[in-house]
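Asks: Structure below; questions to follow.
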Amino acid sequence: MSPILDGVRVLEAGGRAAAVCGLLFAQLGADVVVVPTPPARREPGDPAEAGALSANKRVLGVDTSAEERAGALARLLESADLAVFDMPPSMLESLGLAPAWLASQYPRLVVAAITPFGLEGPKRDYRGGDLISFHASGIARLLVGHVEDPEAEPPVRAAGEQAAFIAGLTAACAAMHALYHRRRGGAPELIDVSWQEALALMAPRELAMPAFGGQPAPREGRVRGGSAVIPVLPTRDGYVAVSPREPHQWRNWLKVLGEPEWGAEPRFATRALRTSNYEDLFEHMASWTRERTSNEIFEACQAAHVPCFPFGTPALMLDEPQLQHRRFFTPLLGGDGPAVVVPRPPFGLPPDDYAAEARAAGAGSDWLPREEPPGISPGPRQAPPLPLSGIRVVDFSWVIAGPTCTRYLALMGAEVIKVESPQRPDTGRASELHDVLGQSKLGLSLDLKAPGALDAVRRLLRDTDVVVENFATGVMDRLGLGYDSLRALNPDIILLSASGLGRTGPGAEWVAYGNLLSAYSGFATLNGFPGREPRTGLAWADPLCGLLMAFGVVAALHNRDRGGGGRHIDFSMLEGLLWTMPGPLIRAQLGVPEAAPAGNDHAFLSPHGVYRCRGEDSWLAVAVEDERQWQALCGLVPSLAGMWRLSEAERRMARAEIDARIAAWARDQEAIAVMETLQAAGVPASASLTTNDLFGDSHLWDRGFYKPVPSRDGAPHFLPGLPWRWGNGALIEPRQAPGLGEHNFYVLRNLGGLSEEDYQALVAAGAFGKAG
């Protein structure tokens, strides 16, 4: 067997987001050649992460003349399947790499351009970067959840330059769809990824709220210890996050606590009552947890099937037995420094599906000419209009991660059938989440325990390409729908099983939610401001893993169509999070002390922070990366005028004074107006936007970020679309999310071929609940 993307040729140039995109392709066997270009902007990252991001790639030599490099680049473009760039539009044009021009010159090439605010639109030339992207996308206001004092805790970015990982994964997901479309005979597409838009879609529910007249919740409102849904409880040696949100989990949690008398009080009987009485509830629970270690509580909870994890660190993950069992870490070979291990992709595939080993980047050279690359072969004469047209997906997943994955598949043309229980429908239906994640899907409501229901599902699965599920480990097997059973129905079927830690190993049975895994992995521990209690915050892991899962599904389809057969993708959300954290993982192996939360500060860039502006909870992010930007800022902030000669090192030394002067100036400024002034002068800046600000942003509307989605009352709602712009965006027309069981008859009779008699037998058996 060969790696799953063997034969695919990728050219990579630019910054960190392009490196993330290229890494995912390289780890699955693609031949990735990095073409050095002038830095698009200062990307001060640690060398350890840089080494991990360049693994399994080749780097084109730089010890040649500009003319020789240009010739080598042209030859590479002739043979490449995908070219991915991460740099501002103006730099792409100055280097002769304008994406539209490349698409016209290389008619078989998929081009993915990752830029701060997109290739087109009023803000296309705005400066970006990690800090700016977090605040321009609205995610900075949501990352750590509610705060007790908004003045003391400004909106904040995530640790670890995560914006580049989200933008890079978004580009990889879109590019994989484009390559699959090319394989099936479609024309190569131009992929336009905006850092701002990619990051904004990490909060789909909040983005959708303005379309329904909703208002973003104020940041203020946090009480000690999190919430009744996810209490964050102190222990003898740290903190644990526990989430007994379901009635049976609450009952089990009380058993873990020793059946305390207060557990029988009526004021704690329901989740709503526990929320309204949370301060007292917290004290009751914390009095028990303070006497025990985090690990004792974690083990007791998981034994009782109560979702619970301690707040961990990346260093602790290196010895995690579950990750060792799944061989998640692999040695990075061939580097100049000490031996370290790096993360593999979180797909749980056989070793042969990955590149043979993680190897430090080697010298690159031109590819040999070829008439038709084996990675991308001619498709049928009648190419499908969208990459996944004609692909059927049966989706048993619910909440966020799985539905996010299948939303992307649906919008890219797949026929996605969302299967729900009539007794326990997707919890996303209780909010705007379903309006976004359910788009363009068919709704099947079916009690799988009813007589005849599983037989009806099996009929449907005979002609299904992909199954997505996130049941507890073992449920699919008990239903007779495990991978071996599915293969008996359809040998080429692809099963994606999404779980917290994977389907095999000592942690396979652990009960997990994405927020809890953010705590366990160390991601949540690194975020926020120093000296604060840790928080689980935004459901970051779920949309992140949705992108990775969609990439994995389409990569498996691409491989299947080359004769590779079906696959069982055993996806681990913990591994998905850790895949985006190579820097902390490698630093831990090198003995570097664990970093403390740093808020919006940067290790050596100054100024790099968030400043209070005029108006309620209004903030401005500024991130100066070079001398020219610093001098431009000094020309706009009168109190900085005498400091314009300061070097980068001198600015670091004077960080406190510089911040104080900017803060005093910003207090009288209107955040959006001053953002525009600073950007016009070439200074990376952004107001810390709310979802309402985004909904009113002419730049996003000009780019078609919000799409009209028909509603049942006939008036369209404008909801967020894809986190990338597709070449022929007119083909992507989202349909309204289905009502519960809306398409029962159509799915089972028309698609599954069920007879009228058998269908009515299901109705009589109550298989559809009230939807029948």
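The values are calculated or read from the model by the stated rules, or taken from the named source; none is laboratory data. Predicted model only: the values in this text are computed from it and were never measured. Virtual Cβ from ideal backbone geometry, glycine too; neighbours counted across all protein chains shown. Areas reflect the complete protein model, heavy atoms only, side chains present, ligands, DNA and RNA absent. Shrake-Rupley method; radii C 1.70, N 1.55, O 1.52, S 1.80 Å.
Asks: Could you check A136 against (1) of a type outside the set (S, T, Y); (2) closer than 22 Å to A598 by Cβ; (3) free of Cβ contacts under 8 Å to residues at least 60 places away in the same chain and say which number it fails?
Replies: (3) is the only condition that A136 fails.
Asks: Quick one: count up the residues across the range 74-116 that are in a helix (DSSP H, G or I) and in contact with a helix residue (DSSP H, G or I) (Cβ under 6 Å, 6 or more places away or on another chain). Even if it seems obvious, please write down each step before you answer.
Replies: Of the range 74-116, the ones in a helix (DSSP H, G or I) are 74-79, 89-94, 99-105.
Cutting the leftovers down to in contact with a helix residue (DSSP H, G or I) (Cβ under 6 Å, 6 or more places away or on another chain) gives us none.
So the answer is 0.
Asks: Here is a list: E151, E67, E78. Which entry is open to solvent by 10 Å² or more (accessible area, probe 1.4 Å), farther than 25 Å from A198 by Cβ and in contact with a strand residue (DSSP E or B) (Cβ under 9 Å, 6 or more places away or on another chain)? Before you say what the answer is, go through the steps one by one.
Replies: On the way: E67 fails: in contact with a strand residue (DSSP E or B) (Cβ under 9 Å, 6 or more places away or on another chain); E78 fails: in contact with a strand residue (DSSP E or B) (Cβ under 9 Å, 6 or more places away or on another chain).
Selected residue: E151, the only one of E151, E67, E78 that is open to solvent by 10 Å² or more (accessible area, probe 1.4 Å), farther than 25 Å from A198 by Cβ and in contact with a strand residue (DSSP E or B) (Cβ under 9 Å, 6 or more places away or on another chain).
Asks: To continue, here is another question. Looking at the structure I just gave you, is A40 touching a strand residue (DSSP E or B) at 6+ places or on another chain (Cβ under 7 Å), open to solvent by less than 40 Å² (accessible area, probe 1.4 Å) and modelled with pLDDT under 90? Quick ask: steps written out before the conclusion?
Replies: On the way: touching a strand residue (DSSP E or B) at 6+ places or on another chain (Cβ under 7 Å): yes; open to solvent by less than 40 Å² (accessible area, probe 1.4 Å): yes; modelled with pLDDT under 90: yes.
So A40 fits the description; yes.
Asks: Determine whether L119 is touching a residue at least 24 places away in the same chain (Cβ under 8 Å), open to solvent by 20 Å² or more (accessible area, probe 1.4 Å), part of a loop (DSSP other than H, G, I, E, B) and closer than 23 Å to L76 by Cβ.
Replies: On the way: touching a residue at least 24 places away in the same chain (Cβ under 8 Å): yes; open to solvent by 20 Å² or more (accessible area, probe 1.4 Å): yes; part of a loop (DSSP other than H, G, I, E, B): yes; closer than 23 Å to L76 by Cβ: yes.
In short, yes.
Asks: Out of A136, A172, A159, report the one residue that is within 21 Å of A681 (Cα to Cα), touching a Gly at 6+ places or on another chain (Cβ under 9 Å) and hydrophobic (A, V, I, L, M, F, W, C).
Replies: On the way: A172 fails: within 21 Å of A681 (Cα to Cα); A159 fails: within 21 Å of A681 (Cα to Cα).
Every option except A136 fails the conditions.
Asks: Any residue in the range 95-109 that is free of Cβ contacts under 8 Å to residues at least 60 places away in the same chain and among the small types (G, A, S) sitting within a Cβ distance under 6 Å of a residue that is assigned to a helix (DSSP H, G or I) and crowded, with 18+ Cβ neighbours inside 10 Å? List the pairs, counting only those 6 or more apart or interchain.
Replies: The qualifying pairs are A98/L92.
Asks: Give the range 658-677 a look and list any residue that's surrounded by fewer than 19 Cβ atoms within 10 Å (Cβ to Cβ) and farther than 25 Å from R645 by Cβ, or say none.
Replies: Listed by number, the residues that qualify are R667, D668, E670, I672, A673, E676.
Asks: Let me ask another. Go through the range 567-598 and count every residue that is under 17 Å from D395 (Cα atoms) and either of a type in the set (K, R) or not in a strand (DSSP E or B) (or both). Quick ask: steps written out before the conclusion?
Replies: Residues of the range 567-598 under 17 Å from D395 (Cα atoms): 567-571.
When the remaining residues are screened for being either of a type in the set (K, R) or not in a strand (DSSP E or B) (or both), the result is 567.
The total comes to 1.
Asks: Hey, another quick one. I'd like the residue in the range 422-467 that is modelled with pLDDT under 95 and of a type in the set (S, T, Y) and, out of all such residues, is most open to solvent (accessible area, probe 1.4 Å).
Replies: T427
Asks: Residue pairs, Cβ under 9 Å, 6 or more apart or interchain, first in the range 695-707 and within 19 Å of I191 (Cβ to Cβ), second of a type in the set (A, V, I, L, M) and surrounded by fewer than 20 Cβ atoms within 10 Å (Cβ to Cβ). List them.
Replies: K707/I732
Asks: When the range 539-566 is examined, which residues are found to be open to solvent by 10 Å² or more (accessible area, probe 1.4 Å) and not in a helix (DSSP H, G or I)?
Replies: Residues satisfying the conditions are A539, G565, G566.
Asks: I'm trying to understand the selection: among the residues of the range 160-181, which are open to solvent by 10 Å² or more (accessible area, probe 1.4 Å) and in contact with a Ser or Thr (Cβ under 9 Å, 6 or more places away or on another chain)? Write out each step before concluding.
Replies: At the first step, the residues of the range 160-181 found to be open to solvent by 10 Å² or more (accessible area, probe 1.4 Å) are 160-161.
Scanning the range 160-181 gives a single hit, G160.
Asks: Could you tell me which numbered condition T293 fails, if it satisfies all but one of (1) more than 25 Å from the chain's Cα centre (by Cα); (2) open to solvent by less than 10 Å² (accessible area, probe 1.4 Å); (3) within 23 Å of E594 (Cα to Cα)?
Replies: The number of the failed condition is (2).
Asks: Which of the residues belonging to the range 567-595 are of a type in the set (G, A, S), open to solvent by 20 Å² or more (accessible area, probe 1.4 Å) and either modelled with pLDDT of 95 or more or under 21 Å from F165 (Cβ atoms) (or both)? So that I can check it myself, show each step before the final result.
Replies: Taking the range 567-595 first, the residues of a type in the set (G, A, S) are 572, 576, 583, 588, 591, 595.
This time we only want the ones that are open to solvent by 20 Å² or more (accessible area, probe 1.4 Å), so: 588, 591, 595.
The answer is A588, A595.
Asks: Are any residues in the range 239-268 among the basic types (K, R) and modelled with pLDDT of 95 or more, and if so, which ones? Break it down stepwise before answering.
Replies: Going through the range 239-268, the residues among the basic types (K, R) turn out to be 245, 251, 255, 267.
Hits for the range 239-268 are R251, K255, R267.
Asks: Considering the range 378-419 alone, what residues qualify as being charged (D, E, K, R), surrounded by fewer than 24 Cβ atoms within 10 Å (Cβ to Cβ) and not in a loop (DSSP other than H, G, I, E, B)?
Replies: Scanning the range 378-419 gives R392, E415.
Asks: If you go through the range 690-708 one residue at a time, how many are hydrophobic (A, V, I, L, M, F, W, C) and open to solvent by less than 10 Å² (accessible area, probe 1.4 Å)?
Replies: Keep residues of the range 690-708 that are hydrophobic (A, V, I, L, M, F, W, C), which gives 694-695, 700-701, 705.
From what's left, open to solvent by less than 10 Å² (accessible area, probe 1.4 Å): 694, 700, 705.
Final tally of qualifying residues: 3.
Asks: Hey, another quick one. Considering every residue within the range 616-634, establish whether at least one is in contact with a Pro (Cβ under 8 Å, 6 or more places away or on another chain), surrounded by fewer than 19 Cβ atoms within 10 Å (Cβ to Cβ) and in a loop (DSSP other than H, G, I, E, B).
Replies: Yes, the range 616-634 has at least one match.
Asks: Additional query: May I ask you to say which residue of S431, S499, S440, S389 is of a type outside the set (D, E, K, R) and touching a Ser or Thr at 6+ places or on another chain (Cβ under 7 Å)? Break it down stepwise before answering.
Replies: Working: S431 fails: touching a Ser or Thr at 6+ places or on another chain (Cβ under 7 Å); S440 fails: touching a Ser or Thr at 6+ places or on another chain (Cβ under 7 Å); S389 fails: touching a Ser or Thr at 6+ places or on another chain (Cβ under 7 Å).
On inspection, the qualifying residue turns out to be S499.
Asks: Do you know which residues across the range 211-228 are open to solvent by 20 Å² or more (accessible area, probe 1.4 Å) and either closer than 15 Å to F705 by Cα or of a type in the set (A, V, I, L, M, F, W, C) (or both)?
Replies: Once the filter is applied, which keeps residues that are open to solvent by 20 Å² or more (accessible area, probe 1.4 Å) and either closer than 15 Å to F705 by Cα or of a type in the set (A, V, I, L, M, F, W, C) (or both), the range 211-228 yields A211, F212, A217, V223.
Asks: Right, here's the next one. Using the structure shown, decide if E78 is free of Cβ contacts under 8 Å to residues at least 12 places away in the same chain and of a type in the set (D, E).
Replies: Details: free of Cβ contacts under 8 Å to residues at least 12 places away in the same chain: no; of a type in the set (D, E): yes.
Spelling it out, it is not the case that E78 is free of Cβ contacts under 8 Å to residues at least 12 places away in the same chain and of a type in the set (D, E).
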